[in-house]
Amino acid sequence: MTGWSHHHVIDLSSFSLEDYREVLSLAHRFKSLPSSGTRKLPALQGRLVTTLFFEASTRTRSSFELAARSLSADVVNFTASGSSLRKGESVLDTALTYVAMGADVLVVRHSSTNVAAQLASELEKSGETTAILNGGDGLHSHPSQGLLDLYTLANYFNPLNPEPEALLGKKIAIIGDILHSRVARSNLWALTACGADVLLCGPPSLLPKEFENFVDAPPPGQELDPIKKRGRIHIERKLSEVLPYADAVMTLRLQKERMKENLLSTLDRYHNDYGITHQSLKLCQKSVPVLHPGPVNRGVEMSGELLADRSICLVEEQVKNGIPIRMALLYLIAAVEAKKANI
């Protein structure tokens, strides 16, 4: 490890190019472990990782648990149903309960924005050293998903050396419900940091024009952007205006649970206009990979036939890559803690 300094991982706006390189390089090394016969490393032996999920999850939660166990950590899972939240316990007090039990890392997922950041701030104020790793908060950020998407693309473009430079000059199309997607926001920070241009496509109700300026300035509370020159963001309304230029396509789930009003006419109309199929991909000038962070609404964002086509659909690779990426994040956070404790 060289210059890694993040105690908490809340979002990707503060990541430098070296941070991305560190995560991708380490994840690539971890990914090779099963084929070499080594399935567990002792790096987090004696450490306790708690997945504190106040919102439903399959992929994120399971892969964090597998990642922690692959590094020999102990793992405790929290679920909101059946917990003391029903008795009025606050999110902070719930977190402090697990800190008191010895949690070294809390992986926090919540439907409200900035919960992970607020927990990190409160823990620091109280002198606790437990690290917070954001597993997705409201409409704000999903950093580990953004990193695994970045790794999946880098590995596709340069399998021997999946580093940030593999994205330089690439045009990545992100299609669909950008407005409600924390995954899209994390991908915008990550992809532009690595020099990719992002082509956003969707109806105005799901893709406001303001997203074109999303990475032009650091978010509130962050003084500087660690990236000197980012790729650009472009907005178009039709697939025919983005697919011919795309080097890769990512389609996003319609997040109906986050929509506070009816933003679409019908799902059939949406699929006709923005659904990714073998037929719509004929607009591309070449064969391009297709990604989706999941879960997929078959026949809405993507056809079932395309989802099953492993020659171009990388959804299964994204799921696989979630484990080494999350191993890398846990390892790097633990290394920072070891350095502070002079271990």
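Nothing in this text is a laboratory measurement; each read-out follows from the coordinates by a stated rule. As the structure is a prediction and not an experimental result, all values here were calculated from the model. Note: ideal-geometry Cβ built from the backbone for every residue, glycine included; neighbour counts use all protein chains shown.
Pairwise alpha-carbon distances in segment 79-218 exceed 26 Å for 38% of all pairs. Applying the Karplus relation 6.51 cos²θ - 1.76 cosθ + 1.60 with θ = phi - 60° to segment 328-335 yields 3J(HN,Hα) values of 4, 5, 5, 4, 5, 5, 5, 5 Hz, where x marks Gly and Pro.
The dipole here belongs to segment 144-318: it is taken about the Cα centre, uses +1 on the Cβ of Lys and Arg and -1 on the Cβ of Asp and Glu, and is about 180 debye.
Among the listed pairs Lys171/Lys320; Lys170/Lys228; Lys209/Lys238; Lys31/Lys170, those with a Cα-Cα distance over 20 Å are Lys171/Lys320; Lys31/Lys170.
Counting every alpha-carbon pair across segment 110-154, the share separated by more than 12 Å comes to 63%. Applying 0.36 nm per residue to the separation of Thr97 and Ser72 and subtracting their alpha-carbon distance, the gain on full extension is 6.7 nm. By the count of other C-beta atoms within 10 Å, a proxy for reagent exposure, Lys171, Lys229 are ordered fewest to most as Lys229, Lys171. Remark: segment 101-223 carries a charge dipole of roughly 320 debye about the Cα centre, counting +1 on each Lys and Arg Cβ and -1 on each Asp and Glu Cβ.
When Glu18, Glu301 are arranged by Cβ crowding within 10 Å, least crowded first, meaning fewest neighbours, the order is Glu18, Glu301. Mean projected area of the Cα convex hull of segment 144-318, taken over all directions, amounts to 10.0 nm². Compare Arg185, Arg21, Arg269 in a GNM of the chain, Cα atoms joined below 10 Å, and give the one with the largest fluctuation. Greatest mean-square fluctuation among the candidates belongs to Arg269. Full extension of the chain between His7 and Asn297 gives 100.8 nm of extra length, using 0.36 nm per residue less the Cα-Cα distance.
Round to a whole angstrom and tell me the spacing of the C-alpha centers of segment 5-20 and segment 143-170. Going from one Cα centre to the other spans 16 Å. On full extension, the segment bounded by Asp268 and Glu165 gains 33.2 nm, given 0.36 nm per residue less the C-alpha separation.
With neighbour counts taken as other beta-carbon atoms within 10 Å, the residues Thr192, Thr50 rank, fewest first, as Thr192, Thr50. Here the spin labels are modelled as points 7 Å beyond Cα on the Cα-Cβ line, and at Glu128 and Glu316 they lie 4.1 nm apart. Placing R0 at 30 angstrom, the Cβ-Cβ distance between Thr58 and Ala308 gives a FRET efficiency of 0.95 after rounding to 0.05.
Relative to the first principal axis of the alpha-carbon coordinates of the chain, what is the inclination of helix 115-125, with its axis defined by its Cα atoms, in degrees from 0 to 90 and to the nearest 10? Once rounded, the angle reads 30 degrees.
Sorted from longest to shortest, the spans of the Cα atoms of the chain along the three principal axes equal 55, 47, 40 Å.
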